[in-house]
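*Asks:* Quick one: the structure is below, questions incoming.
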Amino acid sequence: QVQLVESGGGLVQAGGSLRLSCAASGRTFSTYAMGWFRQASGKEREFVGAIRWSEGSTYYAASVKGRFTISRDNAKNTVYLQMNNLKPEDTAIYYCASDLKTNGVGYDYWGQGTQVTVSS
């Protein structure tokens with residue numbers, strides 16, 4: 001079992017920055033990757049980015065590439081989403097998710113989400 005807790009959301013003006021954190025606990029030894037997703041009001045959930053846990057390789061959705069950066073702290077079992085040059089269209093609830101090696105394709109555990117609101 002893995003528990004994920006997001007934090008760091010809030011209200012920020014366009015052009016500003018926020019750093020989201022996702023702290024993992026439980027069976028984190030089996031983590032293959034951790035990802036960030038977001039869901040805006042009235043829209044479907046979309047992929048933001050992910051990081052391979054062992055070596056730290058990252059990949060991003062085109063909509064955030066160049067503005068968002070994912071990093072990890074292995075000692076703290078925490079993944080971060082640094083968001084720069086935020087735009088109103090980035091407003092959404094942001095979720096982190098864990099992909100375990102033992103459970104096949106797809107994300108296995110999800111956090112509760114943290115609200116990010118970008119005002120113009």
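The values are calculated or read from the model by the stated rules, or taken from the named source; none is laboratory data. The structure displayed is predicted, hence computed values, not measured ones. Note: ideal-geometry Cβ built from the backbone for every residue, glycine included; neighbour counts use all protein chains shown. We work out accessible area using only protein heavy atoms, side chains counted, and drop any ligands, DNA or RNA first. Shrake-Rupley method; radii C 1.70, N 1.55, O 1.52, S 1.80 Å.
*Asks:* Residue by residue through region 18-50, note down the ones that are open to solvent by 60 Å² or more (accessible area, probe 1.4 Å), assigned to a loop (DSSP other than H, G, I, E, B) and of a type outside the set (Lys, Arg).
*Replies:* The answer is Ser41, Gly42, Glu44.
*Asks:* Output the qualifying pairs, or none if there are none: Cβ atoms under 6 angstrom, residues six or more apart or on different chains, first residue in region 3-20 and farther than 16 Å from Tyr80 by Cα, second residue β-branched (Val, Ile, Thr) and at pLDDT 95 or above.
*Replies:* Here the result reads Leu11/Thr117; Val12/Val118; Ala14/Val118, each pair linking region 3-20 to a residue that is β-branched (Val, Ile, Thr) and at pLDDT 95 or above.
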